[in-house]
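What follows is one structure encoded as structure tokens, with my remarks underneath.
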Amino acid sequence: MILKLISIELGKIFRKLRTYIGFIAIGVLVPVVQISLYFTGEGYVDFATRNLKDSFFFVGNLMNGYLIAYLILQALFIHIPFLIVLVGSDLLAGEATSGTYRMLVTRPVSRVSISISKFVAGFIYTNILLLWLLLISLFVSIIIFGTGELIVLRDKVYIFASDDIMWRFFLAYGFAVLSMTTVLALSYLFSSMVENAIGPIVASMAVMIVFIIISALPIDILEPVRPYLFTNHMIKWREFFGDPVNYSEAINSGLILLLHIIGLFLITTYIFNRKDILS
């Protein structure tokens, strides 16, 4: 029964035009970045290696598909949450907007099952969107730019051998699933509170912006709060592009994100289960 419900919810998601905004946005933005870097990317490599050229002589293809994919992920990661929110905010609020709430809850299934099926459907959408980003940013970039070593600018300059890169991308995208599912769970919570999807979209983005600002403010009184803000942990995918990989940091952040997901989902299910459906 739950699988049938998930299938129904996926059908609802992919029948709406807003669902494809994320795919279209990525399908447009990524090629723009790829084309731009195709003509100007050598400048980035020169900037990254300018302090090393006196001591080292670089050979090989540093401007390659791996570097392009890394730069795209770094640039678009802060924008992907908005694309997730567009769908997550509509999962429950969309039923109220279309006037199908009463018909939904009068089915011979529990509200808990309905809540689970909607969230799982949103989770599947999130994974498909991230897979689309992975395919078009990594594999298409490799076809266009080829492969080679990956140079990464963080607190240090890291240069990874070509056979030491792909697993890092897969782990980074695996972590991104947790990050974006947290965003989905947040928008899903707000979706259960109102009857219009615009409100949850604005509220979800406002919460993330406020959390980011709190994290950036150099105020000591806010220091105890920062470790519990999920926005601080969403960027930990970068740990997989360090040497050595800080697995403990990545696992700790992953667990915190997972706790956020579970907590937000349980609160949403509780609200939906007690919601007085009037229409």
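The values are calculated or read from the model by the stated rules, or taken from the named source; none is laboratory data. Keep in mind that what you see is a predicted model, and the values were worked out from it rather than measured. Here Cβ is always computed from backbone atoms with ideal geometry, including for glycine, and neighbour counts include all displayed protein chains.
Just name the residue that is nearest to the chain's Cα centre (by Cα) out of those in the stretch 12-31 that are loosely packed, with under 11 Cβ neighbours inside 10 Å and assigned to a helix (DSSP H, G or I).
Going through the stretch 12-31, the residues loosely packed, with under 11 Cβ neighbours inside 10 Å turn out to be 15, 17, 28.
Then drop every residue that is not assigned to a helix (DSSP H, G or I), which leaves 17, 28.
Numbers: 17: 20, 28: 18 Å.
So, considering only residues that are loosely packed, with under 11 Cβ neighbours inside 10 Å and assigned to a helix (DSSP H, G or I), the one nearest to the chain's Cα centre (by Cα) is 28.
Give the number of residues within the stretch 82-99 that are at pLDDT below 90 and in a helix (DSSP H, G or I).
So the answer is 6.
Quick check: anything in the stretch 194-203 surrounded by 14 or more Cβ atoms within 10 Å (Cβ to Cβ), modelled with pLDDT under 95, among the charged types (D, E, K, R) and closer than 23 Å to residue 111 by Cα? Write out each step before concluding.
In the first step, residues of the stretch 194-203 are kept if they are surrounded by 14 or more Cβ atoms within 10 Å (Cβ to Cβ); the result is 194-197, 199-201, 203.
If we keep only those that are modelled with pLDDT under 95 too, we end up with 194-197, 199-201, 203.
When the remaining residues are screened for being among the charged types (D, E, K, R), the result is 195.
Within this subset, residues satisfying the condition of being closer than 23 Å to residue 111 by Cα are 195.
Yes, the stretch 194-203 has at least one match.
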